[in-house]
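The values are calculated or read from the model by the stated rules, or taken from the named source; none is laboratory data. Owing to the predicted nature of the structure, the values given are computational and were not obtained by experimental measurement. Don't worry about glycine lacking a Cβ; one is built from the backbone with ideal geometry, like all the others, and counts go over all protein chains shown.
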Amino acid sequence: MKIISIRQPWASLIVSGVKDVENRTWSTRYRGPVLIHASRTTDKISDDEFQSRFEMAIPATLPRGGVVGMAEIVDCVSTHPSCWYAPGHFAFVMESARPLPFVKWKGALLLRDAPPALIELIRLN
């Protein structure tokens, strides 16, 4: 299993099933389950810009600094019809997203193997 750190509000939107792609400047060949880690920092998008671009409000309370859920990466493409796709990026296409009980954990860059200790903590929750 892999883990990826994503800034809020994007992490919560993925695990709630609203956001179906994660945009990155790099591609991956990995397909399979991925834990979604909500970074301690948030994206700098304003409430007004978010509302006008996506026709919804930013969720009021957003957990940060830990795992918030998981999804399946089913593809990585250079273009995607989703409203969440950022042109010029690679889209990690996400399916079967679901929230998990929050587990505080330090994030890191890139898509990486989930540490066994973290997987065990998640199983215990």
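Observations on the model:
- Checked against (1) without any contact (Cβ under 8 Å) to a residue 40 or more places away in the chain; (2) within 17 Å of Ser5 (Cα to Cα); (3) not acidic (Asp, Glu), Thr61 meets all criteria but (2).
- Check on Ser46, more than 16 Å from Leu100 (Cβ to Cβ), free of Cβ contacts under 8 Å to residues at least 40 places away in the same chain and out of contact with any Pro (no Cβ under 9 Å at 6 or more places or on another chain): yes
- Applying a threshold of 8 Å to beta carbon distances and a minimum spacing of six or more residues, or different chains, the list of pairs starting in the stretch 103-114 at a residue that is farther than 12 Å from Leu35 by Cβ and ending at one that is assigned to a loop (DSSP other than H, G, I, E, B) and at pLDDT below 95 is empty.
- Hits in the stretch 30-55 (condition: of a type in the set (D, E, K, R), within 22 Å of Pro87 (Cβ to Cβ) and in a loop (DSSP other than H, G, I, E, B)): Asp43, Lys44, Glu55
- When Ile14, Ile73, Ile6, Ile58 are checked against the criterion of being in contact with an Asp or Glu (Cβ under 7 Å, 6 or more places away or on another chain), assigned to a strand (DSSP E or B) and either acidic (Asp, Glu) or surrounded by 15 or more Cβ atoms within 10 Å (Cβ to Cβ) (or both), Ile6 stands alone in meeting it.
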